[in-house]
Amino acid sequence: MTIDRVPVSGGDIVVETHTGTSEPVLVVHGVSSQRMLWSWLHAESPHLTLVAPDLRGRGDSVDVTGPSSLTRHADDLDAVMDALGLDSVHVCGMSMGAFVAVEFAARYPSRVKSLVLVDGGVPVPPPAGLTQDNVAAAFADKIARTQQRWNDIEDYIEFLVSTSLPLLDPADPLLRTYAEHDLADGSIRLSSAAVVADATDVFFGASRFRELTMPIRFLHAQWSIGADSAPMYSPQDIDALDLTSITPMPGLDHAGTIMTSVGAAAVGETIDEAIDAEPEGVGHFTDA
C-alpha cells in the first residue's frame, strides 16, 4: 500500500493505492464517505489494484479549499491520473462517486476504459419533496456528525449504524477502520458545504450520462436505507436501461452494496468482468 499527495486547485488530494495483480482500477467514494469505503472490496478482491483518493472535503483531503462539484472532482481525478502516471483505467464509483465517475468519463473519455457504477451514476429524479432549497435538511444526519465531538469511537460507530448504516454489523473491524479514518481528534473530517454542494449537483445538475460510449456495468441495491425502504432506482428505472450489464443486489441496502462482504464480492466480480473484457497490456502505470 502506498500513499500519494496530489496537488490540485486548493490543496492536495490524498490517494491510497493497494497494489494487486490486476491493472489499476480508480475507485471513487460517495458524498459523505472517504477512501476507507473500499476496505471491503480490498478484503474480498485483494488481487485488484485499487487507486482510492479521498475526494476534496473528505478524510485526508478535507482541507482542500474551493468550491466542490462533480466537475471539480472530475478534474481532481484527472490530476490524480497524471500524478500516478496512469493513461487509462477502469473506474468504479459508488453512490455520488458513481456520478463523479460519469462526469469524469464525459470530460476525459480517453482516460476511462469502462465504468462500474454501484447504486448511482445513472440519472434519477430527485426523491419526492427534495428541492434545491432543502438539500441541507435532507442530509441533516450526515451534516450533524460534523457538528459535535466524538471522543469515543464506539459512540460514533453506534451513531453511523443508527442513522445511515442500519444493516451493517457494528462489530465489523472494517467498519471500525472506516470510522477511525473519519475522525481526527474527535472531529469528523467532512466538509458539510461539500456534502450539500455535491448532493445538489447530483440531483439538480445536468448529467452527461447519455454522452458516454464506453462499456457501463451497473449494480443496484434492493433498498435505500434499511430493509424494505424504497430503493434509489425503481423497477421502472431499471427496465428503461440498456447497459453492458445490470446486476441486482437483493437483500442489500445502499451502504451494503459495498460495505458488506456480499456486496463487495459482487462489485469485485463485476470489475473482474470489465477487466477481462479488455485486451491485455493497456491501462497500466506508465513511466511518468
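Say we join alpha carbon atoms closer than 10 Å with springs in a Gaussian network model of the chain; which of LEU212, LEU117, LEU26 then has the biggest fluctuation?
LEU212
What nm value, rounded to one decimal, do you get for the distance between THR213 and GLN236 when each label is placed 7 Å out toward the C-beta?
The modelled label-to-label distance comes out at 3.3 nm.
With springs connecting C-alpha atoms under 10 Å apart, model the chain as a Gaussian network and identify which of ASP60, ASP276, ASP87 has the largest mean-square fluctuation.
ASP276
Would any residue of segment 86-130 have its amide N under 11 Å from a label point 7 Å out along Cα→Cβ of ASP4? List them or say none.
86-87
What residues of segment 186-209 lie in the reach of a label at ALA136, counting those whose backbone N is under 17 Å from a point 7 Å from the Cα along Cα→Cβ?
Of the residues in segment 186-209, 190-201 have backbone N under 17 Å from the label point off ALA136.
ALA193 label point, 7 Å along Cα→Cβ, cut-off 14 Å on backbone N: hits in segment 62-95?
62-69
Obtain the nm distance between the two label points defined at GLU154 and ALA128 by a simple spin-label model: each point lies 7 Å from its Cα along the Cα-to-C-beta direction.
Distance between the two pseudo-spin positions: 4.0 nm.
Out of all Cα-Cα pairs in segment 77-117, roughly what percent, to the nearest whole number, are more than 14 Å apart?
Numbers: 324 of 820 pairs.
The calculated P(r) of segment 77-117 puts 40 percent of pairs beyond 14 Å.
Can you check how the C-alpha radius of gyration of segment 91-145 compares to 2.2 N^0.38 Å, as a plain ratio?
Working it through for segment 91-145, the quotient is 1.37.
How would you rank 201-210, 88-97, highest first, on the average number of other Cβ atoms within 10 Å across their residues? Don't skip to the end; give the middle numbers.
Details: 201-210: 16.2, 88-97: 26.7.
Highest to lowest by the protection proxy: 88-97, 201-210.
When the chain is treated as a GNM, springs tying every alpha-carbon pair under 10 Å, which of GLY226, GLY121, GLY30 comes out with the largest mean-square fluctuation?
Top of the fluctuation ranking is GLY226.
Given a Förster distance of 45 Å, report the FRET efficiency between THR146 and TYR108 from their Cβ-Cβ distance, rounded to the nearest 0.05.
Step by step, r from the Cβ atoms, then E = 0.90.
Compute the relative contact order of the chain as a whole-number percentage, counting only Cα pairs closer than 8 Å that sit 6 or more residues apart in sequence. All intermediate terms of the calculation are to be shown ahead of the outcome.
Values: 574 pairs, mean separation 64.9, N = 288.
23 percent.
Once the mean 1/r over all distinct Cα pairs of segment 208-270 is inverted, what Kirkwood radius in angstroms do you read off? Working shown, then result.
Details: mean 1/r = 0.0807 Å⁻¹.
For segment 208-270, the Kirkwood estimate is 12.4 Å.
Would you compute the Debye intensity of segment 133-206 from its alpha-carbon atoms alone, equal scatterers and no solvent, and pass along log10 I(q)/I(0) at q = 0.16, 0.24 Å⁻¹ to two decimals?
Reported log10 I(q)/I(0), two decimals: -0.62, -1.11.
Starting from the eigenvalues of the Cα gyration tensor, five times each then square-rooted, give me the equivalent ellipsoid semi-axes of segment 168-241, largest first, whole Å. Don't jump to the answer; show the numbers that get you there.
Values: eigenvalues 175, 80, 35 Å².
Over the Cα atoms of segment 168-241, the ellipsoid semi-axes are 30, 20, 13 Å.
Scaled to the compact-protein estimate 2.2 N^0.38 Å, what is the alpha-carbon radius of gyration of segment 152-192, rounded to two decimal places?
On the way: Rg = 9.9 Å, N = 41, 2.2 N^0.38 = 9.0 Å.
That ratio works out to 1.09.
Dividing the Cα convex hull volume of segment 1-99 by residue count, how many Å³ per residue is that? Present the calculation step by step, with values, prior to reporting the outcome.
Numbers: hull volume 8.5 nm³, N = 99.
It is 86 Å³ per residue.
Using label points projected 7 Å from each Cα along Cα→Cβ, tell me how many nm separate SER261 and ASP63, to one decimal.
3.9
Rounded to the nearest 500, what is the chain's calculated 222 nm mean residue ellipticity when only DSSP H runs of at least 4 contribute -39500 (n - 2.57) each, over all residues? Each step should come with its number before you reach the end.
Details: 10 runs with 96 residues, N = 288.
One gets -9500 deg cm²/dmol as the mean residue ellipticity at 222 nm.
Could you give me the percent of Cα pairs per 5 Å distance bin for the chain, shortest bin first, beginning at zero and ending with the bin that holds the maximum distance?
Computed distribution, short to long bins: 1, 6, 13, 18, 21, 19, 14, 7, 2, 0, 0.
Read the figures in this text as sums done on the coordinates, not as results from a lab. Note that the structure is a prediction, hence the values are computed from the model and not measured. Every residue, glycine as well, gets a Cβ built from its backbone with ideal geometry; the counts of neighbours run over all protein chains shown.
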